[in-house]
Amino acid sequence: MLSGTKRKRSEVAEKVAQRWKNVRYNGDTDKNPLGDDEDCVIISESKVIDLTGPDQKLDAKAEANDTAKSAVFKLIKSDFYEKEGFVGDADDMITLKDIFCTKRLKRSILFSFQYELDFLLRQFHDEIENITIVGQKGTIVPIEARSMDATLVDMLGKIKLIEVTMPPYTCHHTKLIINFYDNNECRIFLPSNNFTAMETNLPQQVCWCSPVLQIEREQQPIAFKTDLIEYLRSYHMKEIDDLITKSVEAVNFAPLNELEFVYSTPSKFKSSGLTLLYKKLEDLSSGPSVRNSTKHYLCQTSSIGTSLSRARDENLWTHLMIPLFTGIMSAPVEFSPGRKKVKILPPDLLMNEYSQRKIKPYIIFPTEQEVATSPLKRSSSGWFHFQYLQKKSYYEMLRNKFKIFYKEDPATITRRRGTTPAHSKFYMHSTTKNTEPCDASQVFRELEWCLYTSANLSQTAWGTTSKKPRNYEAGVLYHSSKLAETQKVTCRSFTRAGVGSKSHVAVPFTLPVIPYDLAEDECFCLARHEDN
C-alpha cells in the first residue's frame, strides 16, 4: 500500500480490531528483585475469551505434513542466519510455516509465554478452522489497527483465547503445540522459542517434533499421554478440559511409548518439577552405576537463577539436583507440601563428594566474548539472564571453585551462526569408563538420559524438594532404560555434518564443549550492558 494512503476497512474489520483493542496487554513482565526465593504461589484467576462467535463443529480428522515415524529435533531456521535461497542442512531445519502452513491442518492448540499475533497468525494456512491460544495475561500483543488486513481479520475470528493470570515473578513458560489434521492424525511440537519474531530469529532455537499420532484408542496406557493429561488438568480450568484435554484423550500415543513427558505446575495438587523428574529417574534407573566410571551431568540453559539461600551460596544444579540424582543427598520419603528442607552440603564438602564419586558437573552458558563475536553481537543476547552482579560470591563459587562453566568449541562452530547463544534448555547425563582414555568429543555422544524442556535453571521453574514450582513448564525425557534393546540415548550436534544421521537427540551447541578460560572468560551478564 502506498505511503499516505488510508486503508479502508470493512465494518467486520473495524469490529474485530476494536474487540482486540479492548483486551489490554502490556507485554512486559515484572522483574523479580528477590530471585527465586519467594513462597509457593498458586494461580489466582483464569479466563477464556471466545473470539470466534458461534462455535464451529470441528472435524477431528487430520493428516500431517510429515510422515516421520519417530520423534526428531530440528533447528529453527532463522531469517538472519539462513537467508533466502539457503539450502545447506535443510533437512535439519524447520520453520513455523512448516508447522502451521499446511492445508491439511484444521486445528492448532498453542501454549506459550509470549505471542505477537501479527507475526504468529501470518504463519498459518488460511484454511485452518480453529486456533486455541493458552497464554498468560499481559503477554499477548494484539494486532495494531494499522496492520489489520482481511487475512488477519479472518484469522482473528478463528481464535479461542484462554488467559491464565499468574502471580508476580511467575510465568506460563510452557512452549507446546498440538496440531490436529484432516485425516484423524495429530502431531506435537515443543519449540524452544515463544511466538515473537525476534525471539524466533535472533538466538538459536530448536524444536522437538513428534511422529504422526493417530486418533484412536491405545492398546495399553502410555506414560507420556498420562502425564500430558495430568499437566492439562493441573490448570483446573473447565475450558482447557473441554477444548483441549478431551481431544488429547482421543489420541493414540503409542509411538511415544519410549519417552516421558516432564512438566512443572504451580498446582498444589500435583507433584511436578524437580520432584517429578527425580521420581522418573528413580523409577527408570537400571540399578547401581557402573564402577570405575565418571558420571557427567550437563545443563545447557538460557537463564541461571539466584542462590537457593540468601545466606549461603547454593546453586540448584550443583547443590540440589545432581546430589539428588547421584545419591549424595537422600530424598525425602514423600514429596508433599510442608516437608522439611533437605540438608545441602557446603561447597567444600560437596566438591569432595564429587571428587570421590567421580562426578563432573557442567553448565553451558554464553560468555561475554561469545556474545560480542557472534554474527549479530548483542542483538541475540536479550534472552539470556544470569544476574550474578547481585551476589558475586555465588558466581565466583561456581566459576572458580566448581569450574562448572563451559562454552562452545570455536573449532567446530558454523560460520553461519558462529557463537550465537542457544535459547534451548537441555539436561543430560552420561558415563565414561575410567579404564579407557577419555575422549572429550565423545563424552555426550551416548547418554543415560536427556531432558529437553522449557525449564531454565531456577527454583521458579523447578521448585525444590520443599517448594512447588511457580511456573508452568513442559519437556520430554529420553531414558536409556526405555529404549528398545537397552540402547544408550544417542546425541549429536547440529554444528557438525550428520544431517539425516540417526540420533535420538540433536543439540544446538558444539560437542565437545570446552571449559571457560578462567583468565579471560566471564558469563554474559545483561546488567553490564543496560546503561550502554
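Below are the figures for this structure:
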| read-out | value |
| --- | --- |
| Sparse-neighbour loop sites [trypsin sites (Lys or Arg not before Pro); the range 239-307; at most 14 other C-beta within 10 Å; DSSP] | Lys268, Arg291 |
| Label-point gap, in nm, between Gln356 and Ala440 - each point 7 angstrom along Cα→Cβ | 2.9 |
| Förster radius 22 Å - calculated FRET efficiency between Asp241 and Thr165, Cβ distance, rounded to 0.05 | 0.75 |
| Phi to ³J(HN,Hα) by Karplus 6.51 cos²θ - 1.76 cosθ + 1.60 over the range 301-307, Hz, x for Gly, Pro | 9, 9, 8, 10, x, 6, 4 |
| Projected-area mean, the range 261-528, by convex hull of Cα positions, square nanometres | 14.8 |
| Rough spin-label spacing in nm, given labels placed 7 Å along Cα→Cβ, for Asp154 and Ala250 | 2.5 |
| Gained length - Lys103 relative to Arg528, 0.36 nm times residue gap less alpha-carbon distance | 148.3 nm |
| Pairs beyond 18 Å (Cα-Cα), from Lys74/Lys482; Lys137/Lys160; Lys103/Lys238 | Lys74/Lys482; Lys103/Lys238 |
| Sites Arg312 and Asp126 - FRET efficiency at Förster radius 60 Å, r taken between beta-carbons, to 0.05 | 0.60 |
| Counting DSSP beta bridges with both ends in the range 131-280, the antiparallel % (nearest 5) | 60 |
| Cβ-based exposure ranking for Arg122, Arg187, in which fewest neighbours within 10 Å come first | Arg122, Arg187 |
| Extension reserve of the Ser147-Asp91 stretch, reckoned as 0.36 nm per residue once the Cα distance is removed | 16.8 nm |
| Virtual spin-label span in nm between Ala484 and Leu389, 7 Å along Cα→Cβ | 5.4 |
| Of Lys270/Lys358; Lys77/Lys246; Lys392/Lys468; Lys343/Lys403, pairs whose Cα-Cα distance is over 31 Å | Lys270/Lys358; Lys77/Lys246 |
| Estimated D of the range 363-441 in µm² per second, where Rh is the Kirkwood radius over Cα pairs and Stokes-Einstein applies at 25 °C, 0.890 mPa s | 165 |
| Where a label projected 7 Å from the Cα of Thr412 along Cα→Cβ would reach, residues of the range 345-364 with amide N under 17 Å | 362-364 |
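We did not get these values from a lab; they are worked out from the coordinates using the rules stated. The shown structure was predicted, so the numbers you read here are calculated from the model rather than taken from an experiment. Here the Cβ is made from the backbone with ideal geometry for all residues, glycine too, and neighbour counts use every protein chain on show.
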